[in-house]
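What follows is a single structure, written as structure tokens, with notes after it.
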Amino acid sequence: MKHLEHLDFLAHWPKNRYPKIMGNQGKALMLLEKHDCSLLLELPTGTGKTAIGYTFLKTLEAAGQTSLFYITPNKTLVDQAKKLHPDVKVMYGRNEYPCLYYNGEISAEAAPCSLLDCPHRVDAETGETEVAGAEPCPYLGDKWNAKQGGIVVCTMAFYLFTHLFSEEWGETAGLVIDEVHQIARVFRGSLSYEITDYHLEKAVDLFYNADIQEAQILDSFRRKMMKVVKKRQPGTATLLEPAEINNLLSDLYGIDSRSMMRAVRQAMKNGKIDALKQHETLKRAEVITRSLTRYLRSLEYSLETDNRKPLNYTYGYYEQEIGENSKTQYRLVIRAYYVAPLIKKILASRTLAYSATIGDAETLGFESGIKFPFYAFESDFPVENAKILIPSDTPNLAVKSRSRQDLTRSLRKIAKACRDLQDAGSRSLVVVVSNKEREKFLMLAGEEGVDAISYGNGIKPREAARKFQQGEGSVLVGTVANYGEGVDLPKNLAPVIFFLRPAYPNPKDPATIFEERRFGNMRWRLWNWRVMIEALQVRGRNIRSAKDLGVTIFVSQQFKRFIPAALPKWLEGAYRGDLRLEECVSAAKDLLNGSL
């Protein structure tokens, strides 16, 4: 393919949406011409990143390239890209589509699709249904349509499974990765597996009733798993030892997954399995049989060899007493970790990756394997519109450093500050780390007369955020996992943000123990990078345009270790660490009142 030039990109700029190319957008297009391959860009909020990615892929499409993908961490961003550029095609995961075999009563994700003789199945080559005239499966129909050409927008997880475990899409010619700082986390989550005693027991019963010979082997694995997991302290996730993993593997090696699939289909034909009444158990059986090879590999990768350290980790979790609404007592969890080679494997020859928060490109490269030429852009936003404050009189809230009452007192001070801002007509976002901290703050906010809104009691985080965006409450409260990213609060919806403390990993968490064993003291560079990205993402929730005003107050003294160094150059003038919390609140009110 010919070298792409600046004029090629300009010819495919979406002028209907963006009549004028802004400064950073123009610079990005020039860099695409210069490198003509792959780039890693830190593009501040307000740059118009989606337009750059769209232009990149549209130019490749005009040059005759097919299999072009724009990938994002979640469905919300997929929808956003479609709204901005209606001509793109979108693909969602199976859980977003109804299953016509079950009359739309369950999602395609919940259906044991590969085991069914379904008239709605769409041929991947022709687009025709299994039975002529039948309504096409919505999921497979969209998938076939997406493969006919054009730009496909999908989640990172969808792209992973369709390109790592299948060759049906062919080689990707052009790829855009939005919010690239999240790709390693998304891939790890997508490639992790949870095996429970309840689902294994249901699948074993189904296999026994259908006279499938592998039932006995699977039952042996279930009993061994329960025995291994029961050795753990109840309620505590604990890493498995190599000998325990090898013991479990010995049973799985004896199962022929293809033979099991054939036997299940035959049992359905013979009426021993009812596909309608037993669809939940049948789906679990399908997952076990189809994923058996992945289970084996994932468990094997949890073991150290002469040539490498463990690439995954496996832990068990045991509940001594099952709750009223719980069916599971024993869990075996296999977590993928070293995903960098897998990510590199499914990159395109021309890949554009970007995010507003990358920071240390070397650490991102270690996490993801993405090691392209890196450029960090400055923002066009006026620094005078932002304040980044770390109070001088708040404690260090690290677990080992704080006193018994420090956490409660800090949350109480935040609640009082929110009441002060509430009385002045300003709304706030409060971000904490744990759900326990969230509940504690809500209690204290109630005592201080703060009109706080959050999730729980049937209300999901997105629903609570939407209510707040529509005007309910004066303070939105949530964990960094829910409100650290993806919740936009511009135009004075929440001009003041309080971030309680950085979310360093729990020392008892299996992931933490695994990283300690694998990296030693080097783990701190990784952990500091993650909390740095997290903090910068939280800071960006309320400043989404050049006209927005926003103050972020980082409460714990832990933030002073990295916030000043982590700030991009254009934001350095917004930082102060010499004001007391009361003075920080006054500075926020001054900014919002126009008294700079």
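The values are calculated or read from the model by the stated rules, or taken from the named source; none is laboratory data. It should be emphasised that the depicted structure is a prediction, and the values quoted were computed from it without experimental measurement. Cβ sites come from the backbone with ideal geometry, for glycine too, and all protein chains shown count toward neighbours.
Before moving on, here are some points about what is shown:
- The range 1-24, subset among the aliphatic types (A, V, I, L, M), part of a loop (DSSP other than H, G, I, E, B) and over 13 Å from residue 51 (Cβ atoms), residue modelled with the highest pLDDT: 4
- Complete set of residues in the range 39-74 that are within 23 Å of the chain's Cα centre (by Cα), assigned to a loop (DSSP other than H, G, I, E, B) and not β-branched (Val, Ile, Thr): 43, 44, 46, 48, 73, 74
- Look at (1) aliphatic (A, V, I, L, M); (2) touching a residue at least 12 places away in the same chain (Cβ under 8 Å); (3) surrounded by fewer than 18 Cβ atoms within 10 Å (Cβ to Cβ) and you find that residue 132 fails only one, number (2).
- Looking across the range 218-266, the residues that are among the polar types (S, T, N, Q) and either outside any helix (DSSP H, G or I) or touching a residue at least 60 places away in the same chain (Cβ under 8 Å) (or both) come down to 233, 236, 238.
- The range 299-318, residues that are free of Cβ contacts under 8 Å to residues at least 40 places away in the same chain and under 23 Å from the mean Cα position of the chain (by Cα): 301, 311, 312
- Leading residue by the ranking (nearest to the chain's Cα centre (by Cα)) among those in the range 361-387 that are charged (D, E, K, R) and crowded, with 16+ Cβ neighbours inside 10 Å: 367
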